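A.B. asks: Sharing a structure below in structure tokens format, with a few things to ask.
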Amino acid sequence: MRILDRYAARQLFPVWVWCLLVFMFLSCLIDLFEHLDEILRYHIPVGTMVQYYLNFLPIVFVRASPLALLLSAAFVATRLSRHQELLAMNASGTSLLRASVPFLFIGWLAALGVFFVNDRVVPRSSLIYDQIRRQVFRSPDEKPESLDNVAVMDAFNRLYHARVMDPKTKGLYDLTILEHDWNNRPTKGLYASRAVWTKFGWLLLHGTMYRVGPRGVLQGDPEPFVERLISYPVTPEQFAQPDSHIETMRFSQLRLLITRLKQIGMKNVRRYSVELMAKLTLPLMNLIVCLIAFAGSTQPQLRGNLRGLGLSLGWGLLYYFLVGFGEGVGKKGMFLLPTFVAVWAPHFLAVWWSLRLLGRTP
């Protein structure tokens, strides 16, 4: 890395860390004030609150990092422009595109950190965070509402997927079970429109059982049934656990879940695919917002002007909006767009627009 690159990176990194710490502190402070009444009413121990916020911080980190980078990169780029340092770089033969390299380097490091934390730390911390939130901040008589798209795997390599889980009645709707051998090849499938938990096991209602061959081909005719009692080693509490939700799964777990859902013939896996791609695009946003912030703050007519900072932040917020809109379109299948196009289009558009501006700027 050249001296100029190290100089710019050393300015950006501490500002990003400072902004990130401020966002994390404010998030915890806001959450604390929201639960202050419950903390005082139920006399929640300090140790429980410390554990709660220690597991809350990784979730805030992965969400706040791109926004902190957007603000810090726009601020540092505006300061470099105001002090004519970018002009000096340009006079020495360094283009704006080349001058953006240290910003992209910091964004790349942040992207790696966010991906690691989001894949390795957040699933576990989200589980503990949700457990504490449900047990401590909720009245004992209060029951959670129905849960959508829950999935569980047992020790016998069975996948259970239910479209809806009702914690009040301990019932499952549109339950699909797929059994695999130890080479992860499907061997048996079962579908039930409803499953009711009893003291003897699961009572499956109005369903079909079928066997699957080596290449995923059905063997024999499906066996319909009206009622069937099966003692599977899973309970309603396991379906209600946060680790059965796709948002708290690791990248490899979610990818395996999508593969197995396709094996059981489930066609609509758009929501799962969007969540899988979001685990890649969320870290990537750290890199892209650095490019957006640098491109907006270094426009010739706005150099050294706070309007450049405002323009960068405006573009960054528009980028955030398009990312959320694209993921919503991908989950619902609107406008007949493929999931990949809906999710990745805002990111490609932001990169293309930023590179176009930097390439046109002398």
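Where a number appears in this text, it was derived from the coordinates with a stated rule and is not lab data. Predicted model only: the values in this text are computed from it and were never measured. Neighbour counts are summed over all protein chains in view; Cβ atoms, including those assigned to glycine, are modelled from backbone coordinates with ideal geometry.
A.B. asks: Which order do T259, T298, T176 fall in if you start with the one that has the fewest other Cβ atoms within 10 Å?
C.D. replies: T259, T176, T298
A.B. asks: Same structure again: Identify which of S27, S72, S126 has the largest mean-square fluctuation in a Gaussian network model of the chain, with springs joining Cα atoms closer than 10 Å.
C.D. replies: Highest fluctuation of the listed residues: S27.
A.B. asks: Hey, another quick one. Using only Cα atoms, locate the centre of segment 82-132 and the centre of segment 330-347, then give the distance between them in Å, rounded to an integer.
C.D. replies: Answer, in whole Å: 26.
A.B. asks: Additional query: Pairs of Cα atoms under 8 Å, at least six residues apart: use those to get the relative contact order of the chain, whole percent.
C.D. replies: On the way: 544 pairs, mean separation 68.8, N = 362.
Reported as a whole number, the value is 19 percent.
A.B. asks: Same structure, new question: Can you count the Lys pairs in the chain with C-alpha separation below 19 Å, eight or more apart or on different chains?
C.D. replies: 12
A.B. asks: Assign unit charges at the C-beta atoms only (+1 for Lys and Arg, -1 for Asp and Glu), then state the dipole size of the chain relative to its Cα centre in Debye, rounded to the nearest 20.
C.D. replies: That gives the chain a dipole magnitude of about 1080 debye.
A.B. asks: OK, next. Measure nothing but the geometry: give the 0 to 90° angle between the long axis through the Cα atoms of 306-332 and the longest principal axis through the Cα atoms of the chain, rounded to 10°.
C.D. replies: 20 degrees
A.B. asks: What is the angle, in °, between the Cα long axis of helix 270-297 and the longest principal axis of the Cα atoms in the chain? Nearest 10 is fine, range 0 to 90.
C.D. replies: So the inclination is approximately 10 degrees.
A.B. asks: What shape does segment 147-266 take by its C-alpha gyration tensor, where a ≥ b ≥ c are the square roots of the eigenvalues and a/c under 1.5 counts as rounded, a/b above b/c as prolate, and the rest as oblate?
C.D. replies: oblate
A.B. asks: What FRET efficiency comes out for the pair A155/V22, r = Cβ-Cβ distance, R0 = 51 Å, nearest 0.05?
C.D. replies: 0.70
A.B. asks: Could you work out how far apart the two model spin labels at V226 and L203 are, taking each label as a point 7 Å from the Cα in the direction of the beta carbon, and quote it in nm?
C.D. replies: 1.4 nm
A.B. asks: Separate question: Provide the net charge surrounding L97, with neighbours chosen by a C-beta distance below 15 Å and charges set as Lys +1, Arg +1, Asp -1, Glu -1.
C.D. replies: Combined, the nearby Lys, Arg, Asp and Glu give +3.
A.B. asks: Next up: For the residue pair Q135 and L112, what label-to-label distance in nm results when each label sits 7 Å from Cα along the Cα-to-beta-carbon direction?
C.D. replies: 3.7 nm
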